[in-house]
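K.L.:
Quick one: structure below, then a few questions.
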Amino acid sequence: MTWLWNNLDLVLGLTAEHARLSALPILVGFAASLPLGWVAVRVPWLRGILLTVFNLIYTIPALALFVVLPGILGTKILDELNVVVALSLYATAMMLRGTVDGFASVSGDVLQSATAQGYSGTSRFWKVQLPLAGPVLLANLRVVSVSTVSLLSVAALIGSGGLGRLFTEGYNRPFIDEIVIGIVFTVLLALLFDAILVILGRLLMPWSRRRPASPRASFLRSILPGRVA
Amino acid sequence: MIEFTDVTKTFGDSYAVEHFSLQIPARQVTVLVGSSGSGKTTLLRMINRMVDPSSGTVEIDGEDVAAVAPVALRRRIGYVMQSSGLLPHRRVVDNIATVPRLTGVAKEKARARALELMDVVGLDRSFALRFPGELSGGQQQRVGVARALAAGPNILLMDEPFGAVDPIVRADLQQEVLRIQAETETTIVFVTHDIDEAFLLGDQVVILAERGRIVQQGTPEEILANPADDFVASFVGSDRGKRRLTVSASGSGDDQVLVDAGGYPVGVIAAPGGKLAIGNASPKSRSVSNKTDQAGDA
């Protein structure tokens, strides 16, 4: 613990870097998966191709991708852009299936009814299909968020990677406390991201949590006042 | 007036509707009734271009709907479907205001109108800020009807709107439709497979067989009195006990008990002094016609 207090600035600095480098790919992955998912839902034969391609991308080991990307992007090997691009690809790959599921989860009756009321194709997408896919999108985005935060640590091997550097350094010295601190702060960061997403979800989708109480729940409530929340 | 002229619709190799022609008078309720496969929903959806005919024309007041942009057309025609199809992420008041908002009416004005419409369909204003998922099925259908009325359409299309609500609520909603129609004089085209509902609501009832073949059309009274063939007789139930009623010998006083062919009592009829009063029964008195639903098999 003394190590943490002595190196608090370093740890907080790495945490900030970790937050920045993982937030970017999460946002890019989410944004990229929307048009891809939309196309995949609209064009059945493209759906299989898109999902397969991104599944394949996901199977490329992270370290290999970090090493290959500079050659493709023309960046320097230590440029953190490599990390952001690689993690964005993984995030997109992870998110895409969720986006497809999300769009497909919207009730056909609701979509038909929206069309019957006079929504045009685009306004139906933005005002009906996208918001209603929200709960499924959010569930998948939470998974993407947590795994991106943890995956970023690997990038420490090529010089960036935020808190991951505490792992490489702690391993080389060797100094177990540093590794434990790295793990704890990574977990805290992942929890923070998750909490932000959950709160955003509640603010943006107040309708998704409200359901009429089941008859059973109502019955229990009526006979057990104060016991069943 | 809505006019179908020689309309055919194919989906792939199969015919949904074949050579269908029908005139639907304005400011009345026309009910298309038939079992599944009769193409009734397909026909309904041709009116607002949810489905386009493969051949033939659909005209509204002489204007071919094929010449009208679908989105604009749909905004001026109310539509209610079985699963209310409400937007789960919009509050009740905003669901009702959907079409006015789409056509650019200011939010405050559209919401104020939506609240008025809640009164019209008999839904307490306290539900205005709830989400559809927090309402019962019957309440959701009331919202669906209010939404369909919000833009003040001349035409209201209703696709088995009350098929999924319980019989008591359904009877209530049916009365609301009759009341609203009488007040607004909207042209209503109503699709159902329930012949009792058709007879209750329809000024004109069109009985459809497979692929939109019209077996009989007319007022409920005409159809009930003179079923065109065995199919209609069986469909309306006049061949079974349900609609063939006789006066039971066990009646007493000024009322006589009516029994169906199975011997079950289904109602009473006024018989002052033990004699049935024949005559001035108004064909428009719809309030009793749904009582035949007791067996619940319709």
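K.L.:
Considering only residues that are surrounded by fewer than 19 Cβ atoms within 10 Å (Cβ to Cβ) and part of a helix (DSSP H, G or I), which ones fall in the stretch A:112-123? Spell out how you get there, then give the answer.
P.N.:
First pass over the stretch A:112-123, keeping only residues surrounded by fewer than 19 Cβ atoms within 10 Å (Cβ to Cβ): A:112, A:120-123.
If the condition is that a residue be surrounded by fewer than 19 Cβ atoms within 10 Å (Cβ to Cβ) and part of a helix (DSSP H, G or I), then A:112, A:121, A:122, A:123 are the ones that fit.
K.L.:
Another one. Taking the stretch B:130-153, which residues are more than 11 Å from chain A (Cβ to nearest Cβ) and either in contact with a Lys or Arg (Cβ under 7 Å, 6 or more places away or on another chain) or among the β-branched types (Val, Ile, Thr) (or both)?
P.N.:
Within the stretch B:130-153, B:143, B:145 qualify.
K.L.:
Find all pairs meeting these conditions: Cβ atoms under 9 angstrom apart; at least six residues apart or on different chains; first residue within the stretch A:121-143 and farther than 23 Å from residue A:198 by Cβ; second residue part of a helix (DSSP H, G or I) and polar (S, T, N, Q).
P.N.:
What qualifies is A:121/A:115; A:124/A:115.
K.L.:
Could you tell me which numbered condition residue B:15 fails, if it satisfies all but one of (1) among the hydroxyl-bearing types (Ser, Thr, Tyr); (2) under 15 Å from residue B:190 (Cα atoms); (3) surrounded by fewer than 24 Cβ atoms within 10 Å (Cβ to Cβ)?
P.N.:
(2)
K.L.:
So is residue B:77 touching a residue at least 12 places away in the same chain (Cβ under 8 Å), within 19 Å of the chain's Cα centre (by Cα) and more than 14 Å from chain A (Cβ to nearest Cβ) or not? Spell out the reasoning first.
P.N.:
Values: touching a residue at least 12 places away in the same chain (Cβ under 8 Å): yes; within 19 Å of the chain's Cα centre (by Cα): yes; more than 14 Å from chain A (Cβ to nearest Cβ): no.
No; evaluated as a whole, the condition is false for this residue.
K.L.:
May I pose another question? What tally of residues in the stretch B:186-226 results from selecting those that are outside any strand (DSSP E or B) and in contact (Cβ under 8 Å) with a residue 12 or more places away in the chain?
P.N.:
Quick first cut of the stretch B:186-226, residues outside any strand (DSSP E or B) only: B:186, B:193-203, B:209-213, B:219-226.
Restricting the remaining residues to those that are in contact (Cβ under 8 Å) with a residue 12 or more places away in the chain gives B:186, B:193-203, B:209-213, B:219-221, B:223-224.
Of the residues in that region, 22 qualify.
K.L.:
Looking for something within 14 Å of chain B (Cβ to nearest Cβ), part of a helix (DSSP H, G or I) and hydroxyl-bearing (Ser, Thr, Tyr) - is there at least one such residue anywhere in the stretch A:139-155?
P.N.:
No, the stretch A:139-155 contains no residue that is within 14 Å of chain B (Cβ to nearest Cβ), part of a helix (DSSP H, G or I) and hydroxyl-bearing (Ser, Thr, Tyr).
K.L.:
Still on this structure, please answer the following. Under the condition of being more than 9 Å from chain B (Cβ to nearest Cβ), surrounded by fewer than 21 Cβ atoms within 10 Å (Cβ to Cβ) and not aliphatic (A, V, I, L, M), which residue from the stretch A:95-111 is farthest from the chain's Cα centre (by Cα)?
P.N.:
Selected residue: A:108.
K.L.:
For the stretch B:95-108, give me each residue that is of a type in the set (Lys, Arg), within 13 Å of chain A (Cβ to nearest Cβ) and over 20 Å from residue B:85 (Cα atoms). First the steps, then the outcome.
P.N.:
To start, the set of residues in the stretch B:95-108 that are of a type in the set (Lys, Arg) comprises B:101, B:107.
Among the residues that remain, those that are also within 13 Å of chain A (Cβ to nearest Cβ) are: B:101.
Across the stretch B:95-108, there are no qualifying residues.
K.L.:
Could I ask something else about it? Identify the residue in the stretch B:232-257 that is of a type in the set (A, V, I, L, M, F, W, C) and at pLDDT 80 or above and, among all such residues, is farthest from residue B:38 (Cα to Cα).
P.N.:
If we filter the stretch B:232-257 for residues that are of a type in the set (A, V, I, L, M, F, W, C), which is where we start, we get B:232-233, B:235-236, B:245, B:247, B:249, B:257.
Still in the list and also at pLDDT 80 or above: B:232-233, B:235-236, B:257.
Details: B:232: 14, B:233: 17, B:235: 13, B:236: 16, B:257: 38 Å.
That would be B:257.
K.L.:
Okay, moving on. Kindly list the number of the only condition in (1) within 14 Å of another protein chain (Cβ to nearest Cβ); (2) at pLDDT 95 or above that fails for residue B:111.
P.N.:
Only one criterion in (1) within 14 Å of another protein chain (Cβ to nearest Cβ); (2) at pLDDT 95 or above is unmet by residue B:111, namely (1).
The values are calculated or read from the model by the stated rules, or taken from the named source; none is laboratory data. Keep in mind that this is a model prediction, so the values were computed, not measured. Cβ: placed from backbone, ideal geometry, glycine included. Neighbour counts: every protein chain shown.
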